[in-house]
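The values are calculated or read from the model by the stated rules, or taken from the named source; none is laboratory data. Here the structure is a predicted model, which is why all the values come from computation and not from measurement. Cβ sites come from the backbone with ideal geometry, for glycine too, and all protein chains shown count toward neighbours. With ligands, DNA and RNA removed, areas are computed over all heavy atoms of the protein, side chains included. Shrake-Rupley method; radii C 1.70, N 1.55, O 1.52, S 1.80 Å.
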Amino acid sequence: MSKVFEFAGENDFCPGGPIYTNPKEPSLFLSLGLPVDVFFPSRKRSRISAPFVFSEERFEQKKQASIEVLPDECLFEIFRRLPGGEERSACACVSKRWLILLSGICRDELCSQNRSAVKNTEVKSKIEDEEIEGDGCLSRSLEGKKATDIRLAAIAVRTANCGGLGKLFIRGSNSSRGVTKVGLRAIARGCPSLKVLSLWNLPSVGDEGLSEIANGCHMLEKLDLSQCPAITDKGLLAIAKNCSNLTDLVLESCPNIGNEGLQAVGQYCTNLKSISITNCPGVGDQGIAALVSSASNVLTKLKLQSLNITDVSLAVVGHYGKAVTDLVLTSLPNVSERGFWVMGNAQGLHKLKSLTVTSCLGVTDIGLEAVGKGCPNLKQFCLHKCAFLSDNGLVSFAKAAETLESLQLEECHRITQFGFFGSLLNCGANLKAISLVNCFGIRDLKLDLPELSPCTSLRSLSIRNCPGFGDGSLALLGNLCPQLRNVELSGLQGVTDAGFLSVLENCEAGLVKVNLSGCINLSDKVVSVMTEQHGWTLEMLSLDGCRRITDASLVAIAENCFLLYDLDVSKCATTDSGIAAMARSKQLCLQVLSVSGCSMISDKSLPALVKLGQTLLGLNLQHCNAISSSTVGILVERLWRCDILLVLSLGVLSSAPWHSRLAEAFREVPVSNLSIIRVGVTTTSQSLRLLLAVQLFGLFGEGFGRGSKLYSLP
């Protein structure tokens, strides 16, 4: 064996010279076992995956040259010398490391010889983007799992070639890789022209991320922060100092933002036009006073909701709100009657046109009367859940607000029939719309009113879910409001034919929109009279839940309605004969038809529905259990331009698998254009309910627009 080890390779064993640098080290290539006493090297060259060198005792692989060994500083210098935006975008696709480095390059850090190329790229990209965006401003929205730092960095790099991002909306974030200061830093450096930023439900975004935006996006005009608990006054201070062009500020559920941040905004941002602050417990009178007083001449919209403010804030609003046109006050428990009284008597809200007050215990008769006198140009007034307001206060307000055009009362249970009709008679000649919703204090009493001049200005009447409103009240309305055009009487079970007929008989102007849903005591007589007297103007009619409506009403509609385009007869006693009567009409051109819950409509209506489908854009056949799946397939095929809403029972599909029927319905549509976009499963005590939504892609674009079909399988 020693001779083998000392063999130099000069004879027949392996001609050509020695192959070992160190012949004493055979262990690198030889595996000597006990039965081996002679070595014959293979004449076939061994494949080696990488080049190697031999040292004294072992060999090492050579490291291949790679750009990845360069430090970030070197890569940064290389990237900022790239000739154009397309090259930077291509490099950003290589790896996350390159993407993060590229997103950290500001425009000022690019080499001077490349800036002209960037400007040319921006001009070309802006022309293309204006055709897509409409207003010429690039807009991006990230929601849920899509909201990550990596995606923000990619957006920053790509949109930097197009002049930068103009609007960014982030709603929620990825639970494991959410948005942090890293992503906002990329946006700040790549999108200096950002004007609108909306951050919703981002617990990992704090003051550092907002400071990055403040330092890089000096053109910011609109800021919306919602459910961002890590942002404090420090971040808002950075925005205030660096973004003096701020015009819109929305703060919602940000517990660590208080008076200090709002005072800074009021000091540095004097062009604020819209302020909305909701559920921020740290905000008090000092912050509101600083904001409102600093923007006294430009502030037009103000919303204060669920705040710990007192009467002082309302006094400031009443004095400094000289330019305010829209004011919303909601859930202010510490504001008393004195606050509303001072706000009205301050005489500063002369330009106020719209006022909405919800769940404020300070709204009383005295305070509301003062508001009416202090707002001489008020046009729209909405009052919700104000428990201490009575008839006297409402009538006094109506007398003072002479320019009022719209009055809406919701869940004001101390308002009775006297207050309702009193406000109607005293609102002046400008009142056009009045709405009464869920007011349980209304009782159908017999009122002996003197002969009064009618309210000829009222055009729209809406009474919803007021159980005490009946025929007597409707008779009074018919006499007082002869110029009604839009009438909504929803959920009024006490209204009968006699009450609504009085409205029809006294209505001099033609009715345009009528909603009688839930009025279970109305019959075909009402529809017959209404179509005869107002069929030449009627455009929308809803009879949803009117169980006494039969085919006779559909016949009257088919004969007398020339402009009707929206008809809802859901849960009515209509049959195939009524549908056929409408199909025979030559002047009826319906665009939307709803027969949901009409169990007596069956497959016999197929020819009529197909004929009506020539003009239909929407058809609701939910819970029509007498319609078979084969009829559904024909309707889907024939009414290709119509959105169809269907609910099919499992019994209808028992004779054949649903997928085969679906394929039959869409047999002329390529498989690639058919997509199941939502499948939900819920369990009840009686059955298993499946919700299947099918959308048709590729023909009319994405979304539930024209050409999409919805199915639900209970």
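Give the Cα extents of region 261-379 along the principal axes, in whole Å, largest first.
38, 28, 18
Please state the shape class of region 199-316: rounded when a/c is under 1.5, otherwise prolate if a/b exceeds b/c and oblate if not, all from the C-alpha gyration tensor.
oblate
Quick check: net charge around C412, other residues with Cβ under 11 Å of its Cβ, Lys/Arg +1 and Asp/Glu -1?
-1
When the accessible area of region 215-370 is split by element with a 1.4 Å probe, what percent falls to carbon and sulfur?
Reported share for carbon and sulfur atoms: 48 percent.
If I take R0 = 30 Å and measure r between the Cβ atoms of Q587 and E508 in this structure, what FRET efficiency does the formula 1/(1 + (r/R0)^6) give, to the nearest 0.05?
E between Q587 and E508, to the nearest 0.05, is 0.80.
Using 32 Å as the Cα-Cα cut-off, could you pick out the over-long pairs in K145/K195; K234/K379; K234/K353; K241/K373; K181/K353?
Going by Cα-Cα distance, K234/K379; K234/K353; K241/K373; K181/K353 fall outside the 32 Å limit.
Could you sort the peptides 284-292, 432-440, 140-148 by per-residue average Cβ neighbour count (10 Å cutoff), highest mean leading?
In decreasing order of mean packing, 284-292, 432-440, 140-148 become 284-292, 432-440, 140-148.
Suppose R0 equals 45 Å; then what is the FRET efficiency for V529 and T356 from their Cβ-Cβ distance, rounded to the nearest 0.05?
Plugging the Cβ-Cβ distance into 1/(1 + (r/R0)^6) gives 0.75.
How large is the accessible surface per residue of region 437-590, computed with a 1.4 Å probe and reported in Å² as a whole number?
40
Would you mind checking K513/K571; K167/K273; K385/K513; K322/K513 for any pair whose Cα atoms are more than 30 angstrom apart?
Violating the 30 Å Cα-Cα cut-off are K322/K513.
Sorting check: for 197-206, 67-76, which peptide has the highest mean count of neighbouring beta carbons within 10 Å, and how do the rest follow?
In descending order of packing, they fall as 197-206, 67-76.
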